[in-house]
Each structure stands twice: as structure tokens, then as C-alpha cells.
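Working notes, beginning with the structure itself.
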Amino acid sequence: MLRLRVEGPANQVRTFIRDFSVLPQHNVKATSKPYQDEHLENGDVRSFCHFEYYPLNVIHQPITVTFGTPDGKDLTFALLRGSVLRIGDVISVSGKVTPRLLK
């Protein structure tokens, strides 16, 4: 079992834990509610998430990635394995896609 510690503004901690728990490769066993810690500044909170990790190619479940286009349409594709990383306004997607997506 793995443990993830998340710290930051309360609304971002809650959003991250919610998004993390729905990913197919994470079997979340328990999460703590965000709580105030005297060692954190600016009213930030801390939360713990206990989970088991399974590589996507082992559980045979893809990650579905959806982007909204400027004209209001959705672009959706599945990663057979890979990662989606967001840092600020930059989103990086890497991984293996289904062969029909490349045609």
C-alpha cells in the first residue's frame, strides 16, 4: 500500500484527491479529510490518501483524456498506458494510444 500526502489550499486539495481517486490505476483504500496543520502557512490544509497502484497495461484499462476545443466541441481519446500532467496552464499528455487513433 502506498501513501500520498497532499498539501495546499483546501479547495485544490479536495479537487486533487477527488480526481486522483477516479483514475483506474489507483485503488483508493482510504483518504483523510483535509485538515489544518500548524506547520503549514497561509491557511493551507493537508490530506492523506492510502492506495494501491496497478499499471494500466496490467489491469487493461485505459485513461480517457478529454479536451474542450475553442468552438465548444470535445476531443476525447484513450491512453492504453501513459500519463497526463498539468502544471498551471500547461497540460502534457504522453503514452500509448489505440492504433486506430493514429490513422
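The values are calculated or read from the model by the stated rules, or taken from the named source; none is laboratory data. This is a predicted model, so every value here is computed, not measured. Using ideal geometry, Cβ is built from the backbone for each residue, glycine included, and neighbour counts are taken over all protein chains shown. Accessible surface areas use protein heavy atoms only, side chains included; no ligands, DNA or RNA. Shrake-Rupley method; radii C 1.70, N 1.55, O 1.52, S 1.80 Å.
In square nanometres, what is one fourth of the surface area of the convex hull spanned by the alpha carbons of the chain?
Working: hull surface 34.0 nm².
Hull-based average projected area comes out at 8.5 nm².
With the simple model of a label 7 Å out from the Cα in the direction of the Cβ, Lys29 to Leu75 spans 4.0 nm. Probe radius 1.4 Å, ligands and nucleic acids ignored: give me the carbon and sulfur share of the accessible area of the chain as a rounded percent. Solvent-exposed carbon and sulfur of the chain make up 53 percent of the total.
Spin-label pair Tyr54-Lys96: with each label point 7 Å from Cα along the Cα-Cβ axis, the two points sit 1.7 nm from one another.
Take every pair of alpha-carbon atoms less than 8 Å apart whose residues are at least six positions apart; their mean separation over the length of the chain yields a relative contact order of 22 percent.
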